[in-house]
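These notes are about the structure you will find just below.
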Amino acid sequence: MSTVSTALDLLRDVFGYPAFRGAQAEIIGHVAQGGDALVLMPTGGGKSLCYQIPALLRPGCAVVVSPLIALMQDQVDALTQLGVKAAVLNSTLDRREAQAVEQAIFSGHLDLVYIAPERLLLDRTLAMLDALAEAGKLALFAIDEAHCVSQWGHDFRPEYLQLSALHERYPSVPRIALTATADQATRNEILQRLGLGEARVFLSSFDRPNIRYTVVEKDSAKQQLLGFLAGRRGQAGIVYCLSRKKVEETAEWLSAQGYPALPYHAGLPAAERAANQRRFLREEGLTMCATIAFGMGIDKPDVRFVAHLDLPKSIEAYYQETGRAGRDGEPSDAWMAYGMQDVALQHARIAESGAAEGQKILESQRLTALLAYCEAPRCRRQVLLNYFGEARQPCGNCDVCIDPPELWDGTQAAQKALSAIFRTGMRFGVSHLVDVLRGKLTERMRQYGHDQLPTFGVGQDLDEYAWKSVFRQLAAAGLVHVDMTEHGALQLTDAAREVLKGQRRIQLRRTTRRKPAATARTRAPASDLSAADATLFDTLRAWRAATAREQSVPAYVILHDKTLRELAEVRPTSHGMLAGITGMGSAKIEHYGYELLELIRQAG
């Protein structure tokens with residue numbers, strides 16, 4: 001029997017899926033036969049199977065390197081539910097527990113062991129791996145969240161740089177590095193730093209078709225967020241903020257508005273952080289308000305929305321953060337509010353980072369790409385995927401496709417705005433420049449003599465809201481640069497010269513104030529079920545919640561919403577029919593088959 005056909009048997013019998021998706025079968029075959037691989041696959045695309053199935057096909061124990069100690073146990077719990085022999089080897093274990101795991105590895109009682117990079121590189125661990133390799137019991141190395149090796153990424157982990165030693169020390173053991181997001185520069189860095197020069201690179205589509213993307217101009221952000229959340233009560237979500245203070249204030253405010261929310265940031269005590277993360281994973285209907293410290297590797301499949309109250313640092317970060325929504329493939333939302341103040345803050349962060357000049361330039365380019373995404377008058381998914389080198393047609397599932405903006409010839413407005421920047425000495429931010437254009441006579445205006453400028457009052461045809469949109473679009477088009485050292489002052493780039501001289505015309509999108517709930521979707525996983533099936537779905541969810549509490553595991557570790565919905569629709573009447581339901585592998589049928597069939601029978 002070929003490797004892939006055996007892999008297909010495992011996929012169906014153990015994991016309960018009928019067929020492989022995309023390049024999964026090819027990746028699994030390559031690694032199972034001893035090849036190295038770099039796998040770039042979107043969150044929810046099935047990356048884990050790409051190393052879990054080869055681990056079951058190859059002799060010995062697979063070592064999974066993960067930076068996320070807090071989440072390892074949940075991953076192991078999920079595998080144990082499937083009948084896969086897995087364990088963690090990390091600092092949460094005492095000496096006796098760690099020795100028991102090591103003994104289980106040697107005796108062939110484990111298929112996978114999850115380990116943090118710093119633990120892997122200890123002399124004691126390497127000595128154990130040496131012995132395993134010598135005995136032919138080292139199946140493979142899986143390096144999860146491989147972008148952590150990138151020194152220019154916000155998830156950088158210094159220990160990852162030392163993982164190249166695995167290839168030098170165990171050249172015959174295959175390695176598979178996996179990440180959900182990496183632009184070309186990061187991909188190259190992963191290949192170089194992990195010594196994966198001979199590895200095959202598997203690049204899947206970055207598209208997440210079930211996510212609806214929406215960007216709104218920031219104007220009373222909390223109230224806009226509340227409008228977005230209308231109809232989403234009881235759904236799980238993540239709200240990202242730039243500062244720790246804002247995280248705590250937003251969590252408290254949302255809870256007061258009837259949306260139970262928890263804070264998460266690096267400044268919280270470790271015990272409180274871990275407790276909040278555990279609650280978010282194990283309880284339903286919670287919102288996590290967080291900085292970027294939260295999210296990597298979060299396996300919770302039913303996160304229905306990710307909202308950004310502040311601009312992320314790059315398109316790559318935005319893609320990674322929004323990718324935590326809808327891992328189960330169900331309709332989900334990525335919503336963001338942003339303004340020029342966000343741009344100034346991010347530029348200041350880059351300027352003050354102490355990074356090398358080359359890194360600062362790259363980060364500024366990435367931020368500019370995100371601005372272009374925010375202000376683009378065309379399909380958001382097209383802009384997002386183009387950044388990752390992928391072409392596609394308009395998606396029909398973003399705010400721009402659903403409610404296309406009106407375009408207008410903004411050449412004259414652009415010239416006025418650029419002239420105002422130039423004539424004020426390129427030392428002022430958006431608010432002051434808008435006052436100049438609108439002819440607003442203030443003490444500050446008199447102080448600088450800007451009420452005497454030719455541009456003073458030439459922009460009364462547009463309101464303040466429209467001018468702010470013009471400046472944002474000029475920044476996104478690369479005509480204006482937000483100065484990193486002058487408190488958000490706007491400066492002209494070389495490209496502005498052509499516009500000022502009338503050699504280049506500018507198309508702008510007309511910004512309209514949308515009602516906060518205009519883009520809201522309230523579709524829940526059971527919304528397209530009949531009334532009777534929806535009732536059964538709710539019954540199955542209640543059973544799942546009780547079962548998860550009994551076992552002290554997250555609900556999704558028992559069964560996903562997708563599986564429950566299929567059970568409610570198909571209503572199987574035998575163990576054989578259960579095997580045809582997505583996510584119902586043999587171990588789950590053995591554990592839960594009788595209970596599920598009885599619940600379905602009682603529902604009539």
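Within the range 236-246, can you find the residues that are over 10 Å from Leu309 (Cα atoms) and surrounded by 22 or more Cβ atoms within 10 Å (Cβ to Cβ)?
The initial filter retains those residues of the range 236-246 that are over 10 Å from Leu309 (Cα atoms), namely 236-238, 243-245.
Answer for the range 236-246, where residues must be over 10 Å from Leu309 (Cα atoms) and surrounded by 22 or more Cβ atoms within 10 Å (Cβ to Cβ): Gly237, Ile238.
Which residue out of Ala185, Ala177, Ala146, Ala165 is closer than 18 Å to Ala199 by Cα, under 19 Å from the mean Cα position of the chain (by Cα) and modelled with pLDDT under 90?
Answer to the check: Ala185.
Kindly evaluate Gly457 against the criterion of being at pLDDT below 85, over 24 Å from Arg504 (Cβ atoms) and of a type outside the set (D, E, K, R).
no
Mind listing whichever residues of the range 258-298 are under 21 Å from Gln235 (Cβ atoms) and exposed (fewer than 14 other Cβ atoms within 10 Å of the Cβ)?
Passing the criteria: Gly258, Arg279.
Could we say that Leu242 is part of a loop (DSSP other than H, G, I, E, B), touching a residue at least 24 places away in the same chain (Cβ under 8 Å) and of a type in the set (A, V, I, L, M) here?
yes
Of all residues in the range 455-469, how many are crowded, with 17+ Cβ neighbours inside 10 Å and in a loop (DSSP other than H, G, I, E, B)?
Adding up the residues that qualify gives 5.
Determine, yes or no, whether Ser172 is farther than 25 Å from Thr43 by Cβ, modelled with pLDDT under 90 and either assigned to a helix (DSSP H, G or I) or not β-branched (Val, Ile, Thr) (or both). Quick ask: steps written out before the conclusion?
Details: farther than 25 Å from Thr43 by Cβ: yes; modelled with pLDDT under 90: no; either assigned to a helix (DSSP H, G or I) or not β-branched (Val, Ile, Thr) (or both): yes.
Criteria not met by Ser172.
Out of the residues in the range 26-44 that are in a strand (DSSP E or B) and touching a Leu at 6+ places or on another chain (Cβ under 6 Å), state the one that is surrounded by the fewest Cβ atoms within 10 Å (Cβ to Cβ).
Taking the range 26-44 first, the residues in a strand (DSSP E or B) are 37-40.
From what is left, the residues that are touching a Leu at 6+ places or on another chain (Cβ under 6 Å) are 38-40.
Details: Leu38: 22, Val39: 26, Leu40: 25.
Going through the qualifying residues, I end up with Leu38.
Can you pull out every residue in the range 64-91 that is assigned to a helix (DSSP H, G or I) and without any contact (Cβ under 8 Å) to a residue 40 or more places away in the chain?
Filtering the range 64-91 for residues assigned to a helix (DSSP H, G or I) gives 69-81.
Scanning the range 64-91 gives Gln73, Val76, Leu79, Thr80.
Just to be sure I understand, how many residues within the range 85-122 are of a type in the set (Ser, Thr, Tyr) and buried (at least 20 other Cβ atoms within 10 Å of the Cβ)? It would help to see each step written out before you state the result.
Keep residues of the range 85-122 that are of a type in the set (Ser, Thr, Tyr), which gives 91-92, 107, 114.
Next cut, buried (at least 20 other Cβ atoms within 10 Å of the Cβ) only: 114.
Residues meeting the conditions: 1.
Yes/no per residue for (1) touching a residue at least 60 places away in the same chain (Cβ under 8 Å); (2) touching a Leu at 6+ places or on another chain (Cβ under 6 Å):
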position	(1), (2)
Phe156	no, no
Tyr160	yes, no
Pro174	yes, yes
Thr181	yes, no
Ala185	yes, no
Asn188	no, no
Gln192	no, no
Arg212	yes, no
Ala221	yes, yes
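Looking only at the range 370-384, filter to residues that are crowded, with 19+ Cβ neighbours inside 10 Å, in contact (Cβ under 8 Å) with a residue 24 or more places away in the chain and in a helix (DSSP H, G or I); which one of those is nearest to the chain's Cα centre (by Cα)?
Out of the qualifying residues, it is Leu384.
Would you be able to say whether some residue in the range 123-139 is within 30 Å of Ile315 (Cα to Cα), surrounded by fewer than 17 Cβ atoms within 10 Å (Cβ to Cβ) and more than 21 Å from the chain's Cα centre (by Cα)? Break it down stepwise before answering.
Filtering the range 123-139 for residues within 30 Å of Ile315 (Cα to Cα) gives none.
No, because not a single residue in the range 123-139 is within 30 Å of Ile315 (Cα to Cα), surrounded by fewer than 17 Cβ atoms within 10 Å (Cβ to Cβ) and more than 21 Å from the chain's Cα centre (by Cα).
Have a look at Ala55, Ala62 and point out the one that is in contact with a Cys (Cβ under 9 Å, 6 or more places away or on another chain) and at pLDDT 95 or above.
On inspection, the qualifying residue turns out to be Ala55.
State yes or no: is Gly488 assigned to a loop (DSSP other than H, G, I, E, B), small (Gly, Ala, Ser) and modelled with pLDDT of 85 or more?
Numbers: assigned to a loop (DSSP other than H, G, I, E, B): yes; small (Gly, Ala, Ser): yes; modelled with pLDDT of 85 or more: no.
Against the criterion (assigned to a loop (DSSP other than H, G, I, E, B), small (Gly, Ala, Ser) and modelled with pLDDT of 85 or more), Gly488 does not qualify.
Filter the range 494-517 for residues that are closer than 26 Å to Cys379 by Cβ and at pLDDT 85 or above and give the result.
Answer for the range 494-517, where residues must be closer than 26 Å to Cys379 by Cβ and at pLDDT 85 or above: Ala495, Val499, Arg504, Arg505, Ile506, Gln507, Leu508, Arg509.
So how many residues does the range 164-208 have that are more than 23 Å from Glu363 (Cβ to Cβ) and crowded, with 18+ Cβ neighbours inside 10 Å?
14
With the requirement that a residue be assigned to a loop (DSSP other than H, G, I, E, B) and over 21 Å from Gln75 (Cβ atoms), what does the range 123-149 give you?
Ala135, Gly136, Lys137
Given the options Glu283, Glu272, name the one that is at pLDDT 90 or above, assigned by TED's automatic domain parsing to the domain that holds Arg233 and of a type in the set (Asp, Glu).
From the options Glu283, Glu272, the qualifying one is Glu272.
Residues of the range 518-537 being modelled with pLDDT of 90 or more, surrounded by 13 or more Cβ atoms within 10 Å (Cβ to Cβ) and out of contact with any helix residue (DSSP H, G or I) (no Cβ under 6 Å at 6 or more places or on another chain), which ones?
Scanning the range 518-537 gives Ala534, Thr535.
Counting just the residues of the range 45-63 that are assigned to a helix (DSSP H, G or I) and without any contact (Cβ under 8 Å) to a residue 60 or more places away in the chain, which one comes out surrounded by the most Cβ atoms within 10 Å (Cβ to Cβ)?
Result: Ile53.
Taking the options Gln491, Gln452, Gln447, Gln473, name whichever one is within 30 Å of Glu363 (Cα to Cα) and surrounded by fewer than 18 Cβ atoms within 10 Å (Cβ to Cβ).
Result of the check over Gln491, Gln452, Gln447, Gln473: Gln491.
The values are calculated or read from the model by the stated rules, or taken from the named source; none is laboratory data. Note that this is a predicted model, so its numbers are computed, not measured. Every residue, glycine among them, receives a Cβ derived from its backbone with ideal geometry; neighbour counts consider all protein chains shown.
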